[in-house]
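The values are calculated or read from the model by the stated rules, or taken from the named source; none is laboratory data. Since we're looking at a predicted model, the values are computed, not measured. All Cβ positions, glycine included, derive from the backbone under ideal geometry; neighbour counts span all protein chains shown.
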Amino acid sequence: MKFEWLDKTEYPFTPHYFEVNGQRLHFIDEGKGETILFVHGTPSWSFDFRNVIKVLKDHYRCVAIDHMGFGLSDKPESYDYSTQRHSLTLTQFILQKDLNNLTLVVHDFGGPIGFDFAIQHPQRVKRIVILNSWLWDSSDDPDFKRLSKTLRSPLLPFLYRYFNFSPQFILPRTFGEKSLSSSIHAHYTHPFASRKERNGTLAFAKSLLNDQEWFGSLWEKKSILGKIPVLLIWGMKDPVIRPHYLEKFKSGFSECTVYELPSVGHFPQEESPEEVAQAIDEFMRKDAP
């Protein structure tokens, strides 16, 4: 499969594929050492962790997947792109690859997807790193109530499918003080080249509206992960997942380590990759022999 738009200097990794449900899921596997597994959200893919991986792969094995329907993975028009299905796929990938002692790095929708796996298989998870995500029912949150009006709009599927709305318009507006260059932005829009390839992003938007109870069920099981060290890396200028989400995580994981990025928005790994890589490295070295 060719991706002429992909800048191999910017993303210099060897592609690998994992077959699931008759489709190909793309992943990268770089470096050696303890395994770090990166789980992205929407409308991104493993590309957003590229500069973090470039730093960490010298000391760790860095594995990053593209959810089905995203990045360099297949994007069948008819497919179950539900958040729960993505979590099942991640679980299947981890078990078949027999990944253990994982440092799980999750962002955005990668949070509930990764936590669902961790709650079911805590013995495989050594640490968890959370970047601007959530893990609970937000139905009563004022920000979510405002957002839900947009999510219910009959125009939403049209905007997502015909205008590539999520990566084209929403993503660049979630950054903090650093703007997204046109060349890098293109790497977030090109994976969704045709309207038939945009059902993955639309499904995540629908998940926000329909899966709050499921998110809440994960939060209720968080005690299963009570002994696993947690690092919170947070862009404090995120206009979507605001700092009170960070406070919620801190209340649920009282022994967590917190690394705040005051000028960064929703994508710390894209906006400030050196600091993110350094924070992860220091966190992992804490309990190193």
Requested in this report: Please go through the range 196-211 and pick out each residue that is more than 17 Å from Phe109 (Cα to Cα) and either surrounded by fewer than 16 Cβ atoms within 10 Å (Cβ to Cβ) or at pLDDT below 95 (or both).
Outcome: Lys196
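If you check Glu275 against the conditions, is it surrounded by 15 or more Cβ atoms within 10 Å (Cβ to Cβ) and either more than 17 Å from the chain's Cα centre (by Cα) or not in a helix (DSSP H, G or I) (or both)? Quick ask: steps written out before the conclusion?
Numbers: surrounded by 15 or more Cβ atoms within 10 Å (Cβ to Cβ): yes; either more than 17 Å from the chain's Cα centre (by Cα) or not in a helix (DSSP H, G or I) (or both): yes.
For Glu275, the condition - surrounded by 15 or more Cβ atoms within 10 Å (Cβ to Cβ) and either more than 17 Å from the chain's Cα centre (by Cα) or not in a helix (DSSP H, G or I) (or both) - is met.
Given the structure, is Thr35 polar (S, T, N, Q), at pLDDT 95 or above and either within 26 Å of Leu171 (Cβ to Cβ) or in contact with a His (Cβ under 9 Å, 6 or more places away or on another chain) (or both)?
When the stated conditions are applied, Thr35 does not pass them.
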Query - Every pair of residues 6+ apart whose Cβ atoms lie under 7 Å, when the first sits in the range 157-180 and is among the aliphatic types (A, V, I, L, M) while the second is part of a helix (DSSP H, G or I) - result: Leu159/Phe165; Leu171/Tyr188; Leu180/Pro172
**Report entry** Residue match in the range 234-247 (condition: basic (Lys, Arg) and over 25 Å from Thr150 (Cβ atoms))
**Finding:** no
Report summary line: Over the range 233-264, the set of residues touching a strand residue (DSSP E or B) at 6+ places or on another chain (Cβ under 6 Å) and either in a strand (DSSP E or B) or loosely packed, with under 13 Cβ neighbours inside 10 Å (or both) is Ile233, Trp234, Gly235, Thr257, Val258, Tyr259, Glu260, Leu261
Query raised in the report: Only one of (1) closer than 27 Å to Glu282 by Cα; (2) part of a loop (DSSP other than H, G, I, E, B) fails for Asp116. Which number is that?
Result: (2)
Report task. List every residue pair whose Cβ atoms sit under 6 Å apart, with the two residues 6 or more apart in sequence or on different chains, where the first one lies in the range 254-266 and is more than 19 Å from Gly110 (Cβ to Cβ) and the second, anywhere, is surrounded by fewer than 16 Cβ atoms within 10 Å (Cβ to Cβ). Result -> Ser263/Glu177
Query raised in the report: Within the bounds of the range 181-195, is there any residue that is crowded, with 18+ Cβ neighbours inside 10 Å, of a type in the set (A, V, I, L, M) and within 22 Å of His266 (Cα to Cα)?
Result: no
Query raised in the report: Of (1) without any contact (Cβ under 8 Å) to a residue 40 or more places away in the chain; (2) over 29 Å from Lys54 (Cα atoms); (3) among the aromatic types (Phe, Trp, Tyr), Trp219 satisfies all except one. Which?
Result: (1)
Requested in this report: Would you tally the residues in the range 151-174 being loosely packed, with under 15 Cβ neighbours inside 10 Å and over 24 Å from Trp234 (Cα atoms)?
Outcome: 8
Query - Residue count for the range 1-49, restricted to those that are without any contact (Cβ under 8 Å) to a residue 40 or more places away in the chain, β-branched (Val, Ile, Thr) and within 26 Å of Leu202 (Cβ to Cβ) - result: 1
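For Phe144, are the conditions met, namely being more than 28 Å from Asp74 (Cβ to Cβ), part of a helix (DSSP H, G or I) and among the hydrophobic types (A, V, I, L, M, F, W, C)?
Numbers: more than 28 Å from Asp74 (Cβ to Cβ): yes; part of a helix (DSSP H, G or I): yes; among the hydrophobic types (A, V, I, L, M, F, W, C): yes.
Taking the combined requirement at face value, the residue satisfies it.
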Query raised in the report: Would a scan of the range 125-133 turn up a residue that is within 11 Å of the chain's Cα centre (by Cα), at pLDDT 95 or above and assigned to a helix (DSSP H, G or I)?
Result: no
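I need a count of the residues in the range 169-204 that are under 20 Å from Asp74 (Cα atoms) and outside any loop (DSSP other than H, G, I, E, B). Walk me through how you get there before you give the answer.
Within the range 169-204, the subset under 20 Å from Asp74 (Cα atoms) is 186-204.
Cutting the leftovers down to outside any loop (DSSP other than H, G, I, E, B) gives us 186-192, 195-197, 199-204.
Here the count works out to 16.
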Query raised in the report: Any chance the range 133-150 includes a residue that's on the phi < 0 side of the Ramachandran plot, free of Cβ contacts under 8 Å to residues at least 60 places away in the same chain, buried (at least 17 other Cβ atoms within 10 Å of the Cβ) and not β-branched (Val, Ile, Thr)?
Result: yes
